[in-house]
Amino acid sequence: MEKTSASNFLETIIAEDLAAGRVSSVVTRFPPEPNGYLHIGHAKSICVNFGLAETFGGRCNLRFDDTNPEKESQEYIDSIQADVRWLGFTWDGEVRFASAYFQQLFDWAVYLVERGDAYVCDLNAEQAREYRGTLTQPGRNSPYRERPVQENLDLLARMKAGQYAEGEKVLRAKIDMASPNMNMRDPILYRIRKVPHHQTGDSWVIYPTYDFAHGQEDAIEGVTHSICTLEFEDHRPLYDWFIEHLPVPARPRQYEFGRLNPSFTVTSKRKLKQLVDDGVVDGWDDPRMPTVAGMRRRGYTPGAIRKFCQMIGTTRSDGVVDVAMLEFAIREDLNENAPRAMCVLNPLKVVLVDYPDSKVEALSAACHPNRPELGERVLPFSRELYIDADDFREEANKKYKRLVLGKRVRLRNAYVIEALEAVKDDAGNVVEVHARVIADTLGNDPADGIKPKGVIQWVSASRGRQATVRLYDRLFNHEAPDKGDRDFMAHINPESLRVVERAWIEPSLAQATPEQGFQFEREGYFVADRYDHTEQAPVFNRTIGLRDSWSEQGGAGE
């Protein structure tokens, strides 16, 4: 594929490699460890790796770097595959696993031992830290560094056979304990873990480290450009050392880009797992979580997430991205594509005293003001309606554009009405409003020239449906909840979820399919819950408000 221009430095590199004949085709990979659900940062990496392959007509592999069975599970494997598909990408061929290469990786470990480039070390974890040195002081050679090759081969075979306890021995590369790069100070290649593996069962009791396995996996798969985030930049010399010292079938190159760090967000898998384990959220796919599954359940769209990743670009520097940019991309997508509907979250009954009790009109309204192809919806209109309690006042100044006693308002897509009386309970609270319909105002202004002050939403009390509506907001109320030594758990937003059990919705909304999104007019964007929504018991999640109320209110939520 001929490229005449490039939109980021990675595209420039690949275009130059193709033009110079250094590679004939592009192969990338997305290599998650299956120890948690993917989050928004992974979504960026998915877009980068799969996007580069698409741009240059190449291939992208999905490979699970499953070298740490203690923290991995099939649940995570399944969720990651579902997330990649949902985002709109297709990997090349079958799903790949590092564990499928365990025998080859072990054979290469033996190769390094035979060449005198690796040795079995008996230092325990504390001793190894002491010998490793610091950023300002060189390390010291392990007393086991010069073991004869045959002794190392025998010890390694015994490690593989399960003759030693966990932590008793490790296999290390013999590189340079005085290197200024800590990763090059005789890194561990294999450690003993007597844990069954989700793919290989009890076949192995020693497992390769990520650093040893990763580059060789790339080489086995013919990856040309191994794209990762900047925290792996210091690991690149080690990546290259293994490639140079092993008889691998290809010579992949590693390149790094700045990771995605959104404000008001935590993306550490360990911290996300803590939120789940401590019950702060209702699982990895809680709509407040920054996981792909959580964003999907909240009503974010794949297109909006991909658009966001494109908006922020791919650069060589790390930085914090304002989460409002993601929210902007979501609003823009949903404003263009989400059908409109009406929902009353805080219902107040209105009785139209001059409207026949048995009469029900089938009014119609466009599903989207700018998308006629989405068709129209039916709005049953009856004597008793629900409006939002915030849309009525007994008295108000001229700035109030809703229903006021003695004043008029238009019911959206319906008639103009005039409030006549407020009915109150014993405590003085308004529990019902009596009003009259102004004749011939369906699509017309009142004949007497007295125009309504505003437009409000409504739902028929007899034909509407009750629904549960979950009002989600940002999970954290601090822009950098885990920066430095900050305790991120201390910055949980107490208003991140409010549940309305008895909202009223248009009757057609009960038939929404799970994950179908809508704009509830004047309320925000909502989605039928992926799991809980049924026609008999509708459940909607708020995706996002119509406006960025956090910026408008200096940090206050939706």
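Taken together, the values in this text are just the output of simple stated rules run on the coordinates, not laboratory data. Note that this is a predicted model, so its numbers are computed, not measured. A quick note on method: Cβ atoms are made from the backbone with ideal geometry, for glycine too, and the neighbour counts reach across all protein chains shown.
For the range 9-257, what is the convex hull (Cα atoms) projected area averaged across all directions, in square nanometres? Provide the component values of the computation, followed by the final result.
Details: hull surface 54.7 nm².
Mean orientational projected area (the range 9-257, Cα hull): 13.7 nm².
Assuming R0 = 60 Å, can you tell me the calculated FRET efficiency for the pair Leu230 and Ser364, based on Cβ-Cβ distance, to the nearest 0.05? Don't jump to the answer; show the numbers that get you there.
Values: r = 55 Å, r/R0 = 0.91.
Taking R0 as 60 Å, the efficiency between Leu230 and Ser364 is 0.65.
With a length cut of 15 Å (Cα positions projected on each helix's long axis) and a Kyte-Doolittle mean of at least -0.5, go through the chain and give me the DSSP H helices that pass. Intermediate values should be presented prior to the final figure.
On the way: long enough: 9-20 (16 Å, 1.13); 40-55 (22 Å, 0.59); 74-86 (18 Å, -0.77); 102-114 (18 Å, 0.55); 149-160 (16 Å, -0.26); 210-221 (16 Å, -0.96); 302-312 (16 Å, 0.37); 323-337 (21 Å, -0.06).
Span-like helices, by this rule, are 9-20, 40-55, 102-114, 149-160, 302-312, 323-337.
Each label point is 7 Å from the Cα along the Cα-to-Cβ direction; what then is the distance between the points at Ala396 and Ser73, in nm?
Label-label distance for Ala396 and Ser73, simple model: 5.0 nm.
Spin-label point model (7 Å from Cα, Cβ direction): what's the Asn124 to Val378 distance in nm?
Distance between the two pseudo-spin positions: 7.7 nm.
Near Lys424, which lysines are there with a Cα under 23 Å away, not counting those fewer than 8 places off in the same chain?
In chain and number order, the partners are Lys349, Lys401, Lys407.
What ranking do 119-126, 262-269, 448-455 get when scored by the average of other Cβ atoms within 10 Å per residue, highest first?
Numbers: 119-126: 16.4, 262-269: 19.9, 448-455: 13.6.
For the peptides 119-126, 262-269, 448-455, the packing ranking is 262-269, 119-126, 448-455.
With N set to the residue count of the range 209-315, report its C-alpha Rg divided by 2.2 N^0.38 Å to two decimal places. Provide the component values of the computation, followed by the final result.
Details: Rg = 17.7 Å, N = 107, 2.2 N^0.38 = 13.0 Å.
Cα-based Rg divided by the globular estimate yields 1.36.
Assuming R0 = 35 Å, what is the FRET efficiency of Gln137 and Arg486, from their Cβ-Cβ distance, to the nearest 0.05? Don't jump to the answer; show the numbers that get you there.
Numbers: r = 30 Å, r/R0 = 0.85.
The pair Gln137/Arg486 has a calculated efficiency of 0.70.
Mind checking the dipole of the chain: about its Cα centre, +1 per Lys or Arg Cβ, -1 per Asp or Glu Cβ, Debye to the nearest 20?
Numbers: 71 positive and 86 negative charges, 134 e Å.
With Lys and Arg at +1 and Asp and Glu at -1, about 640 debye.
Considering every pair of different Cα atoms, what Kirkwood radius, in Å, is found for the range 343-457? Please list the in-between numbers first.
Details: mean 1/r = 0.0670 Å⁻¹.
In the range 343-457 this quantity evaluates to 14.9 Å.
What are the principal axis extents of the Cα atoms in the range 109-258, in Å, biggest first?
41, 40, 27
Simple spin-label model, 7 Å along Cα-to-Cβ: Asn183 to Met325 in nm?
2.5
Let me have the 222 nm mean residue ellipticity of the chain computed from DSSP H runs of 4+ only, each contributing -39500 (n - 2.57), with the sum over all residues rounded to the nearest 500. Show your work: numbers first, answer last.
On the way: 13 runs with 142 residues, N = 558.
Value at 222 nm, helices only: -7500 deg cm²/dmol.
Run through every distinct alpha carbon pair of the chain and return the Kirkwood hydrodynamic radius in angstroms, one decimal place.
Values: mean 1/r = 0.0363 Å⁻¹.
The Cα-based Kirkwood calculation yields 27.5 Å.
Among residues other than Gln104 whose Cβ falls under 12 Å from its Cβ, what is the net charge (Lys/Arg +1, Asp/Glu -1)? Working shown, then result.
Values: positive: none; negative: Asp107, Glu217, Glu221.
For residues surrounding Gln104, the net value is -3.
Could you list which residues have their amide H under 5 Å from that of Arg474, counting only those 5 or more apart in sequence or on another chain, with H placed in the peptide plane?
For Arg474, the qualifying residues are Glu558.
Which peptide among 382-392, 493-503 comes first, and what is the full order, when sorted by highest mean count of other Cβ atoms within 10 Å? Spell out each step's value before the answer.
Values: 382-392: 20.7, 493-503: 15.4.
In decreasing order of mean packing, 382-392, 493-503 become 382-392, 493-503.
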